[in-house]
Amino acid sequence: MRKPVKVEVGDRLPVREIGPVTQTDIVRFAGAGGDFNPLHHDPEFARKAGFATPIAMGQMQAGILAGWLTDWCGVEHLREYEVRFLAAVLPGDVLELSGEVVAITEAGLYSAAQLALEATRDSAPVVSATATIVVRSGRGGSA
């Protein structure tokens, strides 16, 4: 098990770029999650729904964002995760994942940090999220 990261309010998480998203990515995620809504794989259905192409399911972006977060802090330290879907993601989109420590609740050697997270496309948010993770506080070492 990894030690919790050490952070301070205002710290920014390392940015990651994902993509471009492909139709294959979307179909593979649909297969893994069992979401076979034609909006995610049928071009004609997507056009009739008002989209230029099939769109990625929101849970795909939520999962990408969660995976990036837990790569950094360790899944064993994630306590809460909540997402809000803001815009559709299309094949060809490149996502930038970023986050910031917005608060820390001190509780001895290990504390809780509240994070604000975001996935953007061309600087426009597609998913926003909040998370709470266990962190080291005090003089517990470096991040």
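The single residue among VAL135, VAL89 that is under 18 Å from THR22 (Cβ atoms) and either of a type in the set (S, T, N, Q) or not in a helix (DSSP H, G or I) (or both) turns out to be VAL89. Residues that are in contact with a Ser or Thr (Cβ under 7 Å, 6 or more places away or on another chain), at pLDDT below 95 and at negative phi: does region 113-133 have at least one? Checked region 113-133: no residue is in contact with a Ser or Thr (Cβ under 7 Å, 6 or more places away or on another chain), at pLDDT below 95 and at negative phi.
Between a first residue in region 14-38 that is acidic (Asp, Glu) and a second residue that is at pLDDT below 95, which pairs have beta carbons less than 7 Å apart while being 6 or more apart in sequence or on different chains? If the second residue must be at pLDDT below 95, the pairs left are ASP35/MET57. Within region 84-127, being hydroxyl-bearing (Ser, Thr, Tyr) and within 21 Å of HIS40 (Cα to Cα) holds for one residue alone: THR120. Checked against the criterion of being out of contact with any helix residue (DSSP H, G or I) (no Cβ under 7 Å at 6 or more places or on another chain) and of a type outside the set (Gly, Ala, Ser), the candidates LEU78, LEU97, LEU115 yield just one match: LEU115. Would you call ARG139 within 18 Å of LYS3 (Cβ to Cβ), more than 14 Å from the chain's Cα centre (by Cα), at pLDDT 95 or above and loosely packed, with under 14 Cβ neighbours inside 10 Å? For ARG139, the condition - within 18 Å of LYS3 (Cβ to Cβ), more than 14 Å from the chain's Cα centre (by Cα), at pLDDT 95 or above and loosely packed, with under 14 Cβ neighbours inside 10 Å - is not met.
Hey, does region 104-122 have a residue that's surrounded by fewer than 17 Cβ atoms within 10 Å (Cβ to Cβ), touching a strand residue (DSSP E or B) at 6+ places or on another chain (Cβ under 8 Å) and not in a strand (DSSP E or B)? Scanning region 104-122 turns up no residue that is surrounded by fewer than 17 Cβ atoms within 10 Å (Cβ to Cβ), touching a strand residue (DSSP E or B) at 6+ places or on another chain (Cβ under 8 Å) and not in a strand (DSSP E or B). Can you pull out the residues in region 92-103 that are part of a strand (DSSP E or B) and either farther than 13 Å from VAL7 by Cβ or over 13 Å from the mean Cα position of the chain (by Cα) (or both)? Answer for region 92-103, where residues must be part of a strand (DSSP E or B) and either farther than 13 Å from VAL7 by Cβ or over 13 Å from the mean Cα position of the chain (by Cα) (or both): LEU95, GLU96, LEU97, SER98, VAL101, VAL102, ALA103. Listed by position, the helices (runs of 4 or more DSSP H) inside region 1-86 whose residues that are aliphatic (A, V, I, L, M), under 13 Å from the mean Cα position of the chain (by Cα) and surrounded by 15 or more Cβ atoms within 10 Å (Cβ to Cβ) number at least 2 are 58-73.
The values are calculated or read from the model by the stated rules, or taken from the named source; none is laboratory data. Predicted, not measured: the structure shown is a model, and the values here were computed from it. Please note: Cβ atoms are built from the backbone with ideal geometry, for glycine as well, and neighbour counts cover all protein chains shown.
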